[in-house]
Each structure stands twice: as structure tokens, then as C-alpha cells.
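The values are calculated or read from the model by the stated rules, or taken from the named source; none is laboratory data. This one's a predicted model, so the numbers in the text were calculated from it and none came from an experiment. Glycine gets a Cβ as well: all are built from the backbone with ideal geometry, and neighbour counts include every protein chain shown.
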Amino acid sequence: MMTNVPTSADFVFRNGRVYTVNAQQAWAEAVAVTADKIVFVGSNTEVSAYIGERTQVFDLGQKIVLPGFIDAHAHPIVAAAFGSCISIKDNSSVEAVLSQIRRYIAAYPDKQAYLGFGWENSLFSTRGPTKEVLDAILPEKPIVLLSNDAHTGWMNSAALQKMSFANDVPDHVANGGEFFRDGNGNLTGVSNAAATSMVVKKLRLMAAPDMAAGTEKMIQQMSRYGITSIFDAGLLNCPIVDAYKLLHSMVLTDELPFRYFGSYGVMNNKEISGAVDKLALLAKKYNSDRLRVNTLKLVLDGTVESRTAAFFEPYLDTGFASDIIFDKKLVRETVLDAVARGFDIHLHAIGDRAVCEALEIATIVREAGYNDARITVCHAQVWRDEDRKKFKDTNVFVNFTGSWIYPDENVKTAISERLYNQQFRYRVLANDGVVITQGSDYPAAETVNPLENIEMSHTRMQVAETAGEHEALVPLAESLPLEMAIKTYTIHAARQLGMENSLGSIEVGKYADIIVMEKNIFELNPYEIHSVMPSLVMMAGKIRFAGGVVKIMDRKNPFDEQVDLYETWFVENRHIFLSEVAAIKQILPATGKGLEIGVGTGLFAVELGIKDGIDPSEPMRSKAIERGVNALKGMAEQLPVPDEAYDYALMVTVDCFLRDVLQAFKEVCRILADGGVLVIAFIDRETPLGQIYEQKKQTSASYKQANFHSAQEIKKFLELSGFAVIEERQTVFSLDNQPQAVKPGTGEGVFGVIKAKKQAVQKGSIKK
């Protein structure tokens with residue numbers, strides 16, 4: 001249906017196959033976006049009404065369009081912290097694991113302690129590896145290594161000594177966790193559950209700098225896979241306050257390319273005391289659509305691989321049956337307190353005993369009258385048939401991870417055949433009307449790619465290079481249809497987060513979270529789904545990634561038809577122009593190879609002796625070339641220039657026309673040599689004349705589409721892009737065509753000029 005048509009949309013996607021995930025309109029051809037919202041979904045013919053002079057139009061060439069993926073269970077900040085630690089990716093043998101540890105320590109010999117992640121329990125006996133193996137690598141400094149499921153720790157003797165643990169310490173059980181001992185009663189160096197968490201926290205191995213250093217890599221990776229919203233299922237072992245401060249700063253500067261829904265995670269009885277009060281403080285401070293903390297996460301048990309998942313039956317190889325981690329009375333009281341304050345609940349439950357307790361908790365909440373409280377049971381790897389009806393009756397969400405659904409010999413040796421064949425039964429729950437959602441569980445799981453998880457929930461086998469390479473996990477009847485699997489990552493995940501009215505489907509009025517896939521996953525061999533990547537990712541109406549596969553339809557550049565008008569202004573206002581040149585010349589490097597970005601007709605480049613330029617407008621570039629400038633076609637956000645090719649760069653009133661200032665500045669940083677400088681001249685919005693420019697821009701042919709910035713905003717963008725401001729100048733205090741003074745600083749003259757130096761980035765650090 002046609003709605004009230006705006007004069008134009010910011011973006012139009014047409015000639016596509018849009019899978020909206022909206023039951024009322026499952027498929028469409030075109031989508032229009034204005035600001036951060038979807039304003040039209042429908043046919044190619046109807047969308048034409050939304051195309052105006054400034055609309056950016058994409059011809060999709062029949063590519064598939066999906067709603068942005070919502071990862072409903074991950075640990076991204078933990079992943080970021082692990083990015084600065086020992087990463088164990090090769091688990092082909094014990095020696096392969098040890099080799100990776102040795103290489104990291106050799107590369108970073110100055111660290112006082114080492115944290116690592118990723119070793120597999122299956123490489124060792126049920127009691128795990130020993131401290132002596134790590135002592136042989138490094139005896140004098142602590143080493144703590146978390147397993148790939150993050151529930152088991154392996155440490156050397158130095159780490160145990162730093163913790164003041166000794167073999168004669170009688171109480172080696174800590175808040176539901178355990179420090180293992182050998183047959184002689186000696187600590188082996190292996191711990192599980194809360195015991196591992198205690199070691200990591202006490203030794204301060206997850207430091208804020210490490211967390212920050214890995215964050216940029218983490219967000220780029222997740223955004224590249226089409227993730228536009230994410231639920232953090234617990235900042236376990238990380239400095240929580242520092243993490244949310246970092247995320248908040250990234251939201252303010254629009255550096256975070258997805259929405260972040262956080263939680264307060266609790267792993268043991270000691271931590272649960274006061275947990276709801278701590279969550280309340282975070283929730284009060286962070287409560288927006290871009291960053292929200294509104295969930296209490298409780299880890300009821302461990303994992304099957306570490307033999308800590310809670311089952312009613314004992315493990316085959318240990319003879320022990322694990323129970324839930326928490327005191328039942330305490331955890332139930334805590335959950336009731338949380339839902340009474342309006343918080344969501346996220347319960348980690350893997351074994352059938354833990355799932356039973358999770359459903360009992362949900363039952364108590366419903367009986368207390370909290371029928372609208374959102375409760376999620378995550379993983380639910382094994383559950384009893386007698387508990388099946390409780391999932392629907394208690395109206396819980398069930399969250400799972402597709403990449404866990406495959407035959408596993410380690411698991412097969414741990415639990416009975418009956419339990420083994422009852423794993424990961426989600427389709428039957430979906431058929432019962434239970435809302436099932438997916439999350440990557442990254443980095444506990446190896447991949448953050450939504451399509452890998454979608455494929456594995458669809459095929460019930462590991463991703464393979466060729467079809468039939470791996471066997472599927474029974475029962476095959478639990479395989480999810482592809483459409484259902486996609487919904488677990490879109491509209492169902494949005495419902496889990498309480499955001500179904502804003503996210504999860506391509507509908508008018510919802511946020512413009514859209515991904516364009518490079519191949520049609522509905523027509524592929526199911527075993528190839530994981531290999532498909534997005535060619536374009538949009539979050540909140542802003543393009544976060546564009547791989548170049550989607551064709552951007554030609555549209556008129558406003559400057560293409562204003563060359564004469566542009567040139568005339570500088571002739572008629574010669575004195576103002578020369579004043580601007582003088583302000584730039586005072587701080588522009590006198591030597592070195594320079595590039596003007598947004599060179600226009602070359603007026604500034606010629607006056608300042610700059611030989612090279614870049615501009616997107618063909619008519620403007622032609623004039624610059626006539627003036628002797630080597631002017632290339634290109635956009636500031638994606639410069640056609642090699643790394644470290646120039647000593648300095650100049651941008652004159654370009655910032656106000658950029659779609660992504662931060663990305664443009666990062667590109668400039670990339671093309672500058674070490675110690676290179678960027679000189680940026682801009683219309684300072686906060687000056688008296690800047691306010692006049694702002695008020696009159698709608699009637700200006702040149703500045704109608706401009707987005708002016710203040711000096712403080714420019715400085716912040718520079719800082720975030722890897723620059724340090726070193727000089728400032730200002731001029732043009734009136735619009736009278738007469739010579740104008742050049743003064744230091746900014747804030748008075750409408751023509752501000754800032755010189756910034758590219759900061760050196762040391763290995764393992766972040767740009768300050």
C-alpha cells in the first residue's frame with residue numbers, strides 16, 4: 001500500500017528479492033529508507049515515487065535482501081578481550097596447542113601474566129591436562145588458559161602460587177566451581193565453572209586495555225557478517241563498568257555498527273548477592289535503543305564437554321552427576337526480585353536437570369503474576385519429555401546455537417545413548433508454539449557468522465567443504481526449515497529482546513536494518529549457505545559495509561551543474577578566498593607530497609602548490625585538470641590511494657558533504673605516512689556566521705545538502721580516527737569581500753582550519 005510520500009528518500013533499493021520476514025507481506029521488490037527508518041516496502045513501480053535528486057539508488061540485480069541479523073546470545077566484549085590473549089585455534093594435537101602457547105609468549109615476552117583461550121577438553125583425559133605441562137614452557141609467570149567452551153581453566157604452578165593456593169588448602173571448592181586434584185591430593189592446575197572465573201578476576205587477566213584493544217576488530221568482524229543487533233549474554237570475567245563506558249563512547253560517536261543489548265552475568269552463589277541492585281544501576285545509566293542493559297543472566301550449570309552440565313543421570317566416564325550451581329532457594333528469590341523490577345531473565349541450562357530447574361523458575365515467576373516477564377532458557381541441549389509441555393505453558397524463549405549441533409565423540413562418551421539422541425530438539429518446540437531464537441555464543445563457539453549457525457540448524461551437521469563430508473546428528477526430524485532458521489536470527493530474536501515493533505523484519509516504520517546477500521541462499525545447496533557473505537550492510541539507515549557487488553545507480557552530483565556558479569563565487573569574493581588560502585598556508589606543510597581530497601576545480605590546490613587531487617564530480621575534476629592538477633575520481637570514504645602514499649592531505653569544506661565523516665578521516669589516516677598530517681578547513685557551525693549559514697542553507701544551491709560541524713566535533717572525529725590536533729587557525733569574520741585577519745584557535749571565524757598529526761600505533765595498542 002502507498003503511504004504519504006516524502007519528497008525523496010535517502011536510499012532506495014530496487015529490483016531485488018526482499019524477504020521481509022513479515023507474515024503479511026513475505027516478499028517484495030523494493031525498499032525505501034529515510035533517515036533511520038523504512039518508509040516503503042513494495043514494488044519497483046511504486047518505489048519510484050520516493051526517488052528524488054539526492055536519493056542514493058541501488059540496483060540489486062535480483063539479489064536477496066534480508067532484515068539485519070540479531071545475534072541473541074554472544075559474548076562480544078569477552079571476544080574483544082581474548083583478541084589480545086593467546087588464541088588457540090589449532091586443536092589437532094596437544095603439541096599443536098603447546099606450540100601456539102610458546103609462539104605467543106616468545107612474541108610478547110614482557111607480559112607479567114598470560115591469558116589464553118580455545119583449547120579443547122577432548123584432547124585430554126576427563127580430569128584434564130596438568131600444570132606441569134605449562135611449567136615446562138614458563139615456570140616463573142602465571143599462565144591461565146580457558147577451554148573453548150570457557151568453562152574449564154588450565155593454569156601453571158605460578159598462577160596457583162599467585163592465588164595463594166596450596167595443596168593443604170582444604171576448601172578447594174569455590175562458589176560452585178572446583179579445583180581438581182590428582183590421586184595424591186595435589187592440585188592439577190585444572191579448574192571449572194566459578195573456580196576458573198575466580199582465578200581470572202583475582203589475577204586481573206581481563207584488563208580494560210586488552211578489552212579495548214580487541215574491540216575494533218570485533219565490531220568490524222560482526223558487522224561484516226550482517227549483524228545489526230546483538231545481545232551480550234554476560235561480560236563474564238571482564239571489567240563490567242569499563243566495558244559499558246567503552247561501548248557508550250562508541251555509541252555517542254556512532255562507531256558501534258550494531259545495537260548492543262547487555263546483561264549482568266552471575267556464575268556463582270557469591271556473585272548473586274546484590275546482583276539485581278548492580279543490574280539496576282547499569283540499567284538506569286544505559287537505556288536506549290542503541291545501548292541497553294536490562295537482563296539478569298544466570299549460569300545454572302556448565303557444559304557436557306567439561307562434565308559440569310547438570311543431568312539427572314551420572315556421566316558414563318566419571319560416575320558423577322552434576323547439580324545446578326546455585327542454591328535453588330536463593331536463585332528463585334533473585335529472579336523474582338529481578339522480574340519485579342522489570343528486568344528480563346536469561347538462564348544458561350544445558351543438562352536436563354538444569355533445564356528442569358529453569359522451567360521451574362519460569363513456573364514460579366508466572367504463578368507470581370509476572371506474565372509479561374521475558375524469560376529465556378539458553379542452550380537447552382537436553383530436556384526430558386515430561387518437561388516438554390512446560391516450555392509453552394511458561395511462555396519462555398528458547399535460545400540455541402546452531403554450530404553446536406553436530407555429532408561429537410567427546411559428548412558420546414560422556415552421556416547415555418538415550419540422552420545423546422535427545423540433543424538439540426528445537427523444531428518440536430517451535431511446532432508447539434515456543435519462540436526459538438539463535439545466537440552465536442561467540443567466542444565459546446568458533447564462529448560468529450549467522451549463516452553458519454543457520455546452515456547447521458538446517459542440516460544438523462558441521463559446515464563442510466563438500467556435501468556429505470560430515471554425518472548429521474539425529475534426530476533429523478529436528479532440522480529447521482530455512483525460513484524458520486532465518487526467523488531465529490531476525491523477528492524471533494527481536495521478540496526475545498522486546499524489540500519486535502522496531503526490529504527483526506523489513507516493515508514500514510521499523511529501523512532500516514537491511515542486508516543484501518551476494519548469493520540467493522534459498523536457491524543454494526544447503527551445505528553452501530555458510531559461504532555466502534553480505535555485499536551490503538545497513539544499520540539504522542546508515543551503510544556500515546559495502547562490498548562493491550551491489551550497483552549504485554548513477555545520480556546527479558549537486559556540484560556537477562554548479563561549476564560556473566562555484567567559480568563565480570570565488571571571483572566575486574576574491575579577498576575572502578585569499579584570506580582562506582592564507583589561513584591554510586600558515587599551517588600546511590611546506591614540503592612533502594600532498595593530496596587535496598575534494599579538490600573541486602583545483603582553485604585551492606593551485607594556490608597552495610598541491611599537485612594531486614581527488615573528487616567525485618566529473619565536471620569539477622575536468623576544470624582542475626585544466627589547471628594542471630592530477631585529479632582522480634574518488635570518494636573520501638573510499639580513497640583510490642595505496643597505504644602511506646602521502647605526507648599530508650588537505651580537505652576544504654568537504655566534511656559537511658560526507659555521508660560518513662569518521663570513515664573518511666580513517667581513510668585519510670590510512671593513506672598518510674607515519675607522522676603525516678591532515679589539514680581540514682570547515683564551516684564552523686558554532687560561530688556567529690556559522691549560525692547564519694545553518695539557517696540559510698536550505699535556500700543555498702551549494703549548501704542545501706550540507707551538514708555543518710563544530711570545531712569540537714571535528715576534533716573528536718580526528719581523535720577517533722587516529723589523529724592528534726596540533727594547530728588551529730580561523731578567518732572570515734564577516735561576509736564583506738575584503739581581506740580578513742587570520743587568528744590562532746577556532747570559535748570566532750566561520751572558516752576554521754585544524755592541523756592534525758597521524759599518531760603512531762604500536763603493536764598491540766589502540767589509537768588514542
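General observations
- Subset tally (residues that are part of a loop (DSSP other than H, G, I, E, B) and of a type in the set (Asp, Glu)) for the range 394-430: 1
- Tallying residues that are over 24 Å from Gln221 (Cβ atoms) and in a helix (DSSP H, G or I) within the range 75-95 yields 2.
- Some residue of the range 112-129 being under 30 Å from Gly541 (Cβ atoms) and either part of a helix (DSSP H, G or I) or at pLDDT below 90 (or both): no
- For the range 506-524, the tally of residues that are part of a loop (DSSP other than H, G, I, E, B) and either out of contact with any helix residue (DSSP H, G or I) (no Cβ under 7 Å at 6 or more places or on another chain) or at positive phi (or both) stands at 12.
- Those residues of the range 254-286 which are on the phi > 0 side of the Ramachandran plot and in contact with a strand residue (DSSP E or B) (Cβ under 9 Å, 6 or more places away or on another chain), in sequence order: Asp254
- Qualifying positions in the range 348-388 - among the hydrophobic types (A, V, I, L, M, F, W, C) and not in a helix (DSSP H, G or I): Ala349, Ile350, Ala368, Ala373, Ile375, Val377, Cys378, Ala380, Val382, Trp383
- Among the criteria (1) touching a helix residue (DSSP H, G or I) at 6+ places or on another chain (Cβ under 6 Å); (2) within 19 Å of His73 (Cβ to Cβ); (3) not charged (D, E, K, R); (4) not in a loop (DSSP other than H, G, I, E, B), the one Leu256 does not fulfil is (4).
- If the condition is being under 24 Å from the mean Cα position of the chain (by Cα) and among the aromatic types (Phe, Trp, Tyr), then the range 360-409 contributes Phe397, Phe400, Trp404.
- The residue of the range 466-498 that is surrounded by the most Cβ atoms within 10 Å (Cβ to Cβ), among those that are among the charged types (D, E, K, R) and farther than 12 Å from Val435 by Cβ, is Glu478.
- For the range 460-492, filtered to residues that are of a type in the set (Gly, Ala, Ser) and in a loop (DSSP other than H, G, I, E, B), the residue that is modelled with the highest pLDDT is Ser479.
- The set of residues from the range 55-74 being surrounded by 15 or more Cβ atoms within 10 Å (Cβ to Cβ) and not in a strand (DSSP E or B) comprises Thr55, Leu60, Lys63, Gly68.
- Selected residue (criterion: modelled with the lowest pLDDT) from residues of the range 45-96 that are within 30 Å of Ala444 (Cα to Cα) and charged (D, E, K, R): Lys89
- Among the residues listed as Phe320, Phe391, the single one being at negative phi, part of a loop (DSSP other than H, G, I, E, B), assigned by TED's automatic domain parsing to the domain that holds Asn410 and not charged (D, E, K, R): Phe320
- Pick from the range 599-618, criterion surrounded by fewer than 17 Cβ atoms within 10 Å (Cβ to Cβ) and modelled with pLDDT under 95, ranking: farthest from Ala673 (Cα to Cα): Glu618
- Top-ranked residue in the range 491-536 [being among the polar types (S, T, N, Q) and within 19 Å of Lys37 (Cα to Cα); ranked as farthest from the chain's Cα centre (by Cα)]: Asn501
- Residue selection: Tyr426 fails the criterion of being under 22 Å from Lys297 (Cβ atoms), touching a residue at least 60 places away in the same chain (Cβ under 8 Å) and of a type outside the set (A, V, I, L, M, F, W, C).
Per-residue answers, yes or no, for (1) in the same structural domain as Leu578 (by TED's automatic domain parsing); (2) more than 27 Å from Ile543 (Cα to Cα); (3) buried (at least 16 other Cβ atoms within 10 Å of the Cβ); (4) among the polar types (S, T, N, Q):
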site: Val654; (1), (2), (3), (4): yes, no, yes, no
site: Ile671; (1), (2), (3), (4): yes, no, yes, no
site: Lys696; (1), (2), (3), (4): yes, yes, no, no
site: Tyr703; (1), (2), (3), (4): yes, no, yes, no
site: Phe708; (1), (2), (3), (4): yes, no, yes, no
site: Val732; (1), (2), (3), (4): yes, yes, yes, no
site: Val742; (1), (2), (3), (4): yes, yes, yes, no
site: Thr746; (1), (2), (3), (4): yes, yes, yes, yes
site: Gly749; (1), (2), (3), (4): yes, yes, yes, no
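- Which numbered condition His248 fails, given (1) modelled with pLDDT under 90; (2) crowded, with 23+ Cβ neighbours inside 10 Å; (3) more than 21 Å from His151 (Cβ to Cβ); (4) not aliphatic (A, V, I, L, M): (2)
- Some residue of the range 646-655 being assigned to a loop (DSSP other than H, G, I, E, B) and within 18 Å of Ala756 (Cβ to Cβ): yes
- Considering only residues in the range 514-531 that are buried (at least 19 other Cβ atoms within 10 Å of the Cβ) and hydrophobic (A, V, I, L, M, F, W, C), the one that is farthest from Met456 (Cα to Cα) turns out to be Ile514.
- Selection count, the range 287-312, where residues are modelled with pLDDT of 95 or more, outside any strand (DSSP E or B) and surrounded by fewer than 23 Cβ atoms within 10 Å (Cβ to Cβ): 1
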